[in-house]
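Each value in this text was obtained by applying a stated rule to the coordinates, not by laboratory testing. Just so it is clear, the structure is predicted and the values come from calculations on it, not from any experiment. In this analysis, Cβ positions are derived from the backbone assuming ideal geometry, glycine residues included, and neighbour counts consider all displayed protein chains.
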Amino acid sequence: MEKLIPEVVEAIIPFCEEHKVDIPVIAAGGIYTGADIHNFMQLGAAGVQMGTRFVATHECDAISAFKQSYIEARKEDLVIIKSPVGLPGRAIRNQFLSDVEEGRKKPFKCPYHCIISCNCTDSPYCIALALINAKKGKLKKGFAFAGDNAYRVDRIISVKEFDLVSAG
């Protein structure tokens, strides 16, 4: 992303000048520390979006089992999956995803039909049900999406404990 931010900032300059508007570029993905925030701001980002860093906090309303999956995640557990709706996503590998990968899940009848790009007749699972189960902490019937830095989470802390000013 370090290469992408300056390219995007540079690409929008002519549009901004022509239309006399300011379009802020927001960096997202892989941001975990204050040093990361500083780096992207130096590259021209007007702000950052952070997600993973906030999951294992006391303030996050995720259920304990979901937070625990981040704490237990190792770098090699973070995998890119193709969801039944056809989109990629990074998730924490667990038995559910291993069963899907190894073909041990059977095609699923979809109760929701929530998105047209989902091939529910051939899909081994329903993404909506998997995410609902994960939200409820039932990770044997679902999985946790997570950012690239989820393996760095080692405990549940308060947001006030974040060290976002220094290298974190």
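Using a simple spin-label model with pseudo-atoms 7 Å out from Cα toward Cβ, Cys16 and Ile116 lie 3.5 nm apart. Glu72 sits among other residues whose Cβ lies under 15 Å from its own Cβ, and their net charge, with Lys and Arg +1 and Asp and Glu -1, is +4.
For region 18-92, calculate the relative contact order in percent as a whole number, restricting contacts to Cα pairs under 8 Å that are 6 or more residues apart. Working shown, then result.
Numbers: 65 pairs, mean separation 15.2, N = 75.
Averaging sequence separation for qualifying contacts and normalising by length gives 20 percent for region 18-92.
Dipole check for region 4-108: with +1 at the C-beta of Lys and Arg, -1 at the C-beta of Asp and Glu, and the Cα centre as origin, the magnitude is about 560 Debye.
The eigenvalues of the Cα gyration tensor, multiplied by 5 and square-rooted, give the chain an equivalent ellipsoid with semi-axes of 33, 23, 13 Å from largest to smallest.
Taking the chain as a Gaussian network of alpha-carbon nodes connected by springs under 10 Å, the highest mean-square fluctuation of the residues Ile31, Ile80, Ile23 belongs to Ile23. Residues considered: Leu129, Leu78, Leu97. Largest GNM mean-square fluctuation over the chain, using C-alpha springs under 10 Å, is found at Leu129. In straight Cα distance, which lysines are under 22 Å from Lys67, not counting same-chain residues fewer than 8 positions off? Straight-line reach from Lys67, under 22 Å: Lys75, Lys135, Lys136, Lys138, Lys140, Lys141, Lys160.
Derived scalar couplings between HN and Hα for region 35-47 equal 5, 5, 4, 4, 4, 5, 5, 5, 7, x, 5, 7, x Hz in order, rounded to whole Hz, by the Karplus curve 6.51 cos²θ - 1.76 cosθ + 1.60 (θ = phi - 60°), x for Gly and Pro.
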